[in-house]
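Structure, as structure tokens:
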Amino acid sequence: MAIKTEEMVLNMGPQHPSTHGVLRLELELEGELVLNVIPHLGYLHRCFEKHCEAMTYPQVVPYTDRMDYLASMSNNLGYAITVERLLGIEIPERVEYIRVIMAELQRIASHMVALGTYGVDIGAFTPFLFLFAEREKILTIFEETCGARLLYNYIWVGGLSHDIHPDFVRKTKDFVRDFKPRITELNNLLSYNKIFVERTANIGILPADVAINYGITGPNLRASGIKWDLRKNDPYSIYDRFEFDIPVGEGLYGTTGDSWDRYYLRVLEMEQSIKIIEQAIDNIPDGDVQSAVPKRIKPPKGSIYTRVENPKGELGYFIISDGSLNPFRVKVRAPSFVNMEVFNELCKGHFVADIITILGSIDVVLGEIDR
Amino acid sequence: MYDFLVNLVGNNIVAFFIAAALPLFLFILPYALLAVLAERKVSAHMQDRLGPMRTGYHGILQTVADILKLIQKEDLRASSTDKSLFNFAPYLVFMGSFAAFAVLPFSSFFIGSSIDVGLFYFLAISSLVVAGILMGGWSSNNKYSLLGAMRSVSQIISYEIPTAVVVLTMVMITGSLNLHTISDQQTAFFWNWNILGGTLPGIAKFLLIPLMLGAFIIIFISTLAEVNRTPFDIPEAESELVAGFFTEYSGMRFAMFFLAEYANMLAVSFLITILFFGGYHSPLGYLGNTLGVEWLVPIEQFFWFASKGLIFVLIQMWLRWTLPRLRVDQLMTVCWKYLIPYSIAILLLVGLVTLI
């Protein structure tokens, strides 16, 4: 008599400790081996794009906070730059410097969450709390400046909501100074740990051509060995004034583009962000941060697409203006959403435990996927 | 102990029950309460946190409060579970881990049952845990529980082999399965401990030291895997399987699994202590003997036994909060490709050394 066998369908999420929000994964398993993964999205859909059509241009800014809620500053920055280019206004130097510093601090904070939760996914809980203690310092700096810890609404069209706190420069310098040894600590505790390397190297390899075909951006693309960073390749704000490198994945422990590379690339990027902050923090010119904020934003008819390098990847805003106070259409190219598409490709043939590893290494935020 | 109780209460059966229940109530339950708190405190301080601070001084009553809360909880059970198996599983796991303490000599006086197959009994009874885990995982009728239980069973059964081989090595040296006898052989000072070659004479002792160190490392790793602790906590892998085989459990039944885990940690630590670190014997001699106060000696022995065991529990906690988790196939690789061949090699070499 033949034994009847069938694949087990395991429903992972939306309530699951490590799906990073409300992602639901439908896994087809043969024992522990994964045959197919179907991500189900939409549990966090809030009609962001439709909402924007009923809002005036400045009113959209708080909504952008809520997309990638771990990188609100960067989202604000992207939107502000897009509308400014549509309006064709000049931004004061002071504002540009503060924006860059904020965006880089935000990048570090976002990467810290990514690395920390990645450690938890693999079973190392301690690095998570070490990193969150550091992230707390960034959040304190943000809180002092704009009063909020997560959703800042800080970078406005044409300027900033507040000038920086008098302590800002000192505290940022302190943070930069204290943070460097922390990176070494993280590397010793987690990055080079034998078990961690065994778990992540050669897992979920994303070859460069596949990455390009799927439109992967950000750290995930660079981990596959492609030097593509909008801060260098399509500079916005004042990024062309700073010296920094674009780290790429080298496959130090396994193949280029594996989970370890994606993890380690974020560590390297934090170092580069520190470098940018160090160059910018002493050169903030004086001025009024709200001098260029328009009283009434009414762009001419037309459309524009602008992209910025977010911690998660390339964040693009496509805005159509019909000449009224409200945007006719706001379309967002969300990096997490695009990066998520390659997930099934990466997971096939791995074990259940590796699904978590790969998901963590892609670093998605569901607020941004569903918008 | 048993004879003493028979004399005291004058009844065999009553004495038997008291002897069986004493370690449980005097030591293991307070220990489990303490260990859960200790784990939280150890992890907290390793992570720059404070841990529980509100219940009592520095949160020492936190576990008591937790247990009280868990007792009050509704006895939840999903409708599709296999009722009798589901209800029985936690008790089987609990029983398996607590029954192992019966043969452990806490001191030369305080031992539940000094049977001649103590070591064998210990290995056998702690395997009951596997049955309990499989029952719990299967009867929950939950895919996560099933995956966790399957992982757990394959893991525990695999890692019992290196444990058993190392235990066999020790039996070859000591010539006894009685844990009391094994402890008593390593008496007097710490250079008589088995980790330092035991009481063998001359050159054989020095030849044994590296082999014993190897055997100790193997048994420590494999017992770590047997009690499902990080880096081998794959059955419970929180980030993958929610809570593994006890995903569906809540309230007191959950607490049973939880307490059993900590009791298990202690049991295997005690086993290592007895086999390698002189059991209840003091490394330096006894204050009671020096002062001529004889009743002090068993108390000192108990102190040494408990502290040696707790040190290993502490090391287990320390590892848990430092290391990430292995994957299932890597776990099996560690066992079958490294631990088992090495342990068999050690067994052979020890056999040669004892011939000298």
Cα centroid separation - the stretch A:195-221 against the stretch B:145-202, whole Å: 44
15 Å Cα-Cα reach of B:Lys73 towards aspartates and glutamates, excluding residues that sit fewer than 8 places from it in its own chain: B:Glu248
Per-residue Cβ neighbour rank within 10 angstrom, fewest leading, B:Asp184, B:Asp116, A:Asp286, A:Asp258: A:Asp286, B:Asp116, B:Asp184, A:Asp258
Residues A:Phe142, B:Phe245 arranged by fewest to most Cβ contacts within 10 Å: A:Phe142, B:Phe245
Of the trypsin sites (Lys or Arg not before Pro) in the stretch B:38-140, those whose Cβ has at most 11 other Cβ within 10 Å and which sit in DSSP loop: B:Arg54
Least to most buried among B:Ile356, A:Ile81, A:Ile183 (fewest other Cβ within 10 Å first): B:Ile356, A:Ile183, A:Ile81
Kirkwood-based Rg to Rh ratio, the stretch B:83-355, C-alpha trace: 1.00
Net charge dipole size for the stretch B:110-237 [Lys, Arg +1 and Asp, Glu -1 on Cβ; Debye, nearest 20]: 180
Listed residue pairs exceeding 20 Å between alpha carbons, taken from B:Lys308/B:Lys337; A:Lys173/A:Lys275; A:Lys137/A:Lys180; B:Lys205/B:Lys308; A:Lys137/A:Lys232: B:Lys308/B:Lys337; B:Lys205/B:Lys308; A:Lys137/A:Lys232
The stretch B:83-355, relative contact order in percent, only Cα pairs under 8 angstrom and at least six apart counted: 27
Tilt relative to chain B, helix B:202-226 - C-alpha long axis, 0 to 90 degrees, to 10: 10
Net charge contributed by nearby residues that have their C-beta within less than 11 Å of B:Thr223 (K/R +1, D/E -1): -1
The stretch A:200-293: GluC sites (Glu not before Pro) in DSSP loop, at most 15 other beta carbons within 10 Å: A:Glu243, A:Glu250
Per-pair calculated FRET efficiency, R0 = 30 Å: A:Thr184 and A:Lys232 via Cβ, rounded to 0.05: 0.70
Where trypsin sites (Lys or Arg not before Pro) fall in DSSP loop in the stretch A:1-63, at most 10 other Cβ within 10 Å: A:Lys4
For the protein assembly as shown, calculated [θ]222 nm from helices alone, where every DSSP H run of n ≥ 4 adds -39500 (n - 2.57): -17500 deg cm²/dmol
Between 0 and 90°, nearest 10: helix B:143-174 axis offset from chain B longest Cα axis: 0
Shape metrics for the protein assembly as shown, restricted to C-alpha atoms - Rg then Dmax, Å: 30.7, 103
Kirkwood Rh, angstrom, the stretch A:61-346 [1 / mean 1/r, Cα pairs]: 19.5
For the protein assembly as shown, size of Cβ-based charge dipole, Lys and Arg +1, Asp and Glu -1, in debye: 600
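Readers should treat all values here as calculations from the given coordinates under stated rules, not as data from a laboratory. Not measured: the values here are computed from a predicted model. Note that each Cβ is placed from the backbone with ideal geometry, even for glycine, and that neighbours are counted across all protein chains shown.
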